[in-house]
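Undergrad: This is the structure I want to talk about, given as structure tokens.
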Amino acid sequence: LAGLQRFRETGESRVLGERLELTALHRDGHELPVEMTISPLRTDDGWQFNAFIQDISERHAAESELRSREARFRALATQSPGGIYETDAGGGLTFASRRWCEMAGLTQAEANGHGWLDAIHPDDLNGVVQEWMDAAREDRDFEREYRLLHADGAVRWVYGTATPVRSEGGEITGFLGACLDITERRRGEAARAAAEARFRSAFNQAPIGMAMNDLDGRFTEVNSALVEMTGYPAEELRQMSFEAITHPDDVVADREGRRALLSGEIPAFSMEKRYVHAGGHPVWVGISVAAVCGLDGRPLHTLTQVQDITDRRNYERKLQHMADHDPLTGLLNRRSFDRELQGHVERSSRYGAEGALLVLDVDHLKHVNDTLGHNVGDELIVRVGNAVRDSLRSSDVVARLGGDEFAVLLPKADREAAAKVAASLCERIRREELTLTGRSRPLSASVGVALLADAPDVTAEDLLANADLAMYDAKEDGRDRFALYSSEGHHEARMKGRVRWVERIRRALEDETFTLLAQPVVDLATGRPSQYELLLRMRDSDGDLIPPGAFLYIAERLDMVQEIDRWVTGQAIDLMAERERAGAPVTLEVNLSGRSMGDPRLLESIEHRLAATGVDASNLILEVTETAAVTNIAAARAFAERLSELGCRFALDDFGAGFGSFYYLKHLPFDLLKIDGEFIRNCLTTQTDRLVISAVVDIARGLGKQTVAEFVGDDETARLLTRLGVDYAQGYHLGKPVAVDDALLTPRSVLARSTTALRASR
């Protein structure tokens, strides 16, 4: 009606030519959408109007469905965790979801008409455009990972897809796309890639062997260290399993460890085992194996770390050998022999007494040491040890008990066989002549034999004492022979004689008939005494002094020497306390038996006495000789370290006399090295002795220790020692041993000679 009215008023027919969407009323009462066009036509009678009406119900329904779909699409796009966008054919945004706008840093108003490609990181733009064009040309969807550049400069990684929207004619009218933010995933992948790269670098470059094995034990990855360790090329190793290169004796233990690991009983396991090198020799390794599990907790494969411990095992074996063997001869030492003897005695008590024990002592060794030197004495000991070992069967046990004494256990020998072996040993040693400067000196030994069958209930200690007593019988009968132990006849009388010595030692301890002498140790730099060495003597009923050689060996064999050492150290500390109270502190050296090194009662005694008197512990020097038989080096080390903590000092006597010197120096904390007198006596005329002295001085200085020269006999020797760098000296020329009271209470009268003698050497 409005159009007709305008037509009447203006006469313009175009206002009636527009298409009008109207609602028609059907005769049955329902509404019907129609499209009507009115066209005017002039006739002779005036105007005629032609109306064209089209039912558009289906079109309305389609448009309504389209609008509904678009509403649902926009609602879905708004709620989607990914970004949804729509562009026209030129790439301009016609729609962008809230999430897409957030990723691009745009408001939805800003996104309207914004170029989609403008939001892509410049470094990815060319690749995205090329992929877009390829997808359109190949009539497939676009799919790519790329970066969006946020308005604030931040970068977000997205996984984008898009599909072209085409007209009915097939032309692209726009694109519908989606992108999912994968920034965190990419960061995780980058982190995993970096971690994997670090792992791979650590795996390949690790200084220890690294391997990955599948669940069947086959190598899947190996590094160069494992390749070098096993001798197999990497390609060959990857075709092998762990069992193929494992020593047969270690396969079962290794297999059990892996079974427990893969079954979940244990999270990891470690063990020491042997690989078999490609060259055929064993390689000791320490392995640590862990399971690498999936998300479900089930093992996927195993990771193994392998360290070559061959050197350590060899070193441990050497240390064990050193702990069980005499360093000079290579034979078993006293501690190891005691263990072997104890085991044999215990077996004999269960299965019947059998076997024999021989104790062999080299004759006149002290004379050899005193006249030819300890180095010659060591050579003699080594040769005797070799001779004894070479004369026995592999089933026999031979050891050096200490000094010049050896022991032999014959597990199956009876009286006749034992006597035959003892006689053959005497004969064999007799052939070992000692030649020096063109002169041959005969060697001999005295052998004592004790049979288990003669005393079935005997202990190992008693059996050793019986063989020892028989050996002294052989010495008293003229040496260079053997004697069989017997509890009857003259043996009983000799045993009584030795028992009397035990009684005398016990009485000397109780009645304090032991006495001490003191010999000065002079500081070569000043010519004045720096300390005194205490020397033990025993007084007989007439008041005469008995040298220690007459009773100490019995005290050592019967484990009485520890009591003597406790007495001497107690006397020394008391003397030090007396001098400190008098305002004239003194430093004293006390000789210890090797058997006392590690004695807990001696340690307790020294600690208690030091605490009770309050003396300066650094003024007490404990001295052990190289020839002392330290039976338990670990206990001795703990003993020495504890006293060092208290402040006491240690001296190693006879240094350089034998290999034992260096063994003790390595394992025990010493402050003073006393150079063996053999190198001092002739140092003025013998270049070798001077070189040895210089070497010992260099060793001591390198370790922060000081040196003492023994047996200094004249002024010229003292001056030479000073030039060679020796710190202290002692000897009869510098000061003879005198009674402690004379040495310590009137030092000027006693030391006048030593001060005068060294004045020229300063």
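Undergrad: Here is a check on your reading of the model: is GLY286 without any contact (Cβ under 8 Å) to a residue 40 or more places away in the chain and either open to solvent by 50 Å² or more (accessible area, probe 1.4 Å) or part of a helix (DSSP H, G or I) (or both)?
TA: On the way: without any contact (Cβ under 8 Å) to a residue 40 or more places away in the chain: yes; either open to solvent by 50 Å² or more (accessible area, probe 1.4 Å) or part of a helix (DSSP H, G or I) (or both): no.
Against the criterion (without any contact (Cβ under 8 Å) to a residue 40 or more places away in the chain and either open to solvent by 50 Å² or more (accessible area, probe 1.4 Å) or part of a helix (DSSP H, G or I) (or both)), GLY286 does not qualify.
Undergrad: As an exercise: evaluate GLY153 against (1) modelled with pLDDT of 85 or more; (2) more than 60 Å from the chain's Cα centre (by Cα); (3) among the small types (Gly, Ala, Ser) and give the number of the one condition it does not meet.
TA: Condition not satisfied by GLY153: (2).
Undergrad: Considering only the stretch 333-341, I want to know if a residue exists there that is modelled with pLDDT under 90, of a type in the set (Gly, Ala, Ser) and open to solvent by 20 Å² or more (accessible area, probe 1.4 Å).
TA: no
Undergrad: Please specify each residue of the stretch 390-416 satisfying the condition of being in contact with a strand residue (DSSP E or B) (Cβ under 7 Å, 6 or more places away or on another chain) and surrounded by fewer than 16 Cβ atoms within 10 Å (Cβ to Cβ).
TA: ARG415
Undergrad: A further question on this structure: Select from the stretch 32-58 the residues that are free of Cβ contacts under 8 Å to residues at least 12 places away in the same chain and outside any strand (DSSP E or B) and list them in ascending order.
TA: Residues satisfying the conditions are ASP44, ASP45, GLU58.
Undergrad: Mind listing just one residue for me: the one in the stretch 227-267 that is among the charged types (D, E, K, R) and not in a helix (DSSP H, G or I) and, of those, least open to solvent (accessible area, probe 1.4 Å)?
TA: ARG238
Undergrad: Also: Open to solvent by 70 Å² or more (accessible area, probe 1.4 Å) and charged (D, E, K, R) - does that describe any residue in the stretch 202-215? So that I can check it myself, show each step before the final result.
TA: Kept after step one, since they are open to solvent by 70 Å² or more (accessible area, probe 1.4 Å), are these residues of the stretch 202-215: 205, 207, 215.
Adding the requirement that they be charged (D, E, K, R) leaves none.
No, every residue in the stretch 202-215 fails to be open to solvent by 70 Å² or more (accessible area, probe 1.4 Å) and charged (D, E, K, R).
Undergrad: Across the stretch 622-639, which residue is farthest from ARG335 (Cα to Cα) among those that are buried (at least 23 other Cβ atoms within 10 Å of the Cβ) and either at pLDDT 85 or above or of a type in the set (Lys, Arg) (or both)?
TA: Once the filter is applied, the top-ranked residue is LEU622.
Undergrad: So, in the stretch 420-470, exactly how many residues are over 19 Å from LEU558 (Cα atoms), open to solvent by 80 Å² or more (accessible area, probe 1.4 Å) and at pLDDT below 85?
TA: The number of residues fulfilling the criteria is 7.
Undergrad: Is it true that some residue in the stretch 311-320 is open to solvent by less than 60 Å² (accessible area, probe 1.4 Å) and more than 30 Å from ASN466 (Cβ to Cβ)?
TA: Yes: the stretch 311-320 contains one or more residues that are open to solvent by less than 60 Å² (accessible area, probe 1.4 Å) and more than 30 Å from ASN466 (Cβ to Cβ).
Here is a yes/no grid of residues against (1) more than 26 Å from TYR472 (Cα to Cα); (2) in a helix (DSSP H, G or I):
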site: LYS273; (1), (2): yes, no
site: HIS301; (1), (2): yes, no
site: ASP311; (1), (2): yes, yes
site: GLU316; (1), (2): yes, yes
site: MET322; (1), (2): yes, yes
site: GLY343; (1), (2): no, yes
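Undergrad: Anything in the stretch 576-599 that is open to solvent by 10 Å² or more (accessible area, probe 1.4 Å), among the acidic types (Asp, Glu) and modelled with pLDDT of 90 or more? List them, or say none.
TA: GLU578, GLU580
Okay, residues lined up against (1) surrounded by 10 or more Cβ atoms within 10 Å (Cβ to Cβ); (2) modelled with pLDDT under 80; (3) over 60 Å from the mean Cα position of the chain (by Cα); (4) basic (Lys, Arg):
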position: ARG19; (1), (2), (3), (4): yes, yes, yes, yes
position: GLU58; (1), (2), (3), (4): no, no, yes, no
position: ILE84; (1), (2), (3), (4): yes, no, yes, no
position: SER97; (1), (2), (3), (4): yes, no, yes, no
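Undergrad: Continuing with this model, one more query. Has the stretch 163-176 got any residue that is acidic (Asp, Glu), in a loop (DSSP other than H, G, I, E, B) and touching a strand residue (DSSP E or B) at 6+ places or on another chain (Cβ under 8 Å)?
TA: Initially, the stretch 163-176 is screened for residues acidic (Asp, Glu), giving 168, 171.
Now drop any that are not in a loop (DSSP other than H, G, I, E, B), which leaves 168, 171.
From the residues that got through so far, the ones that are touching a strand residue (DSSP E or B) at 6+ places or on another chain (Cβ under 8 Å) too are none.
No, that holds for no residue.
Undergrad: For ALA268, indicate whether it is small (Gly, Ala, Ser) and in contact (Cβ under 8 Å) with a residue 24 or more places away in the chain.
TA: Values: small (Gly, Ala, Ser): yes; in contact (Cβ under 8 Å) with a residue 24 or more places away in the chain: no.
So ALA268 does not fit the description; no.
The values are calculated or read from the model by the stated rules, or taken from the named source; none is laboratory data. Owing to the predicted nature of the structure, the values given are computational and were not obtained by experimental measurement. Backbone-built Cβ (ideal geometry, glycine too); neighbour counts: all protein chains shown. Quick note on the areas: whole protein, heavy atoms, side chains included, nothing else; ligands and nucleic acids left out. Shrake-Rupley method; radii C 1.70, N 1.55, O 1.52, S 1.80 Å.
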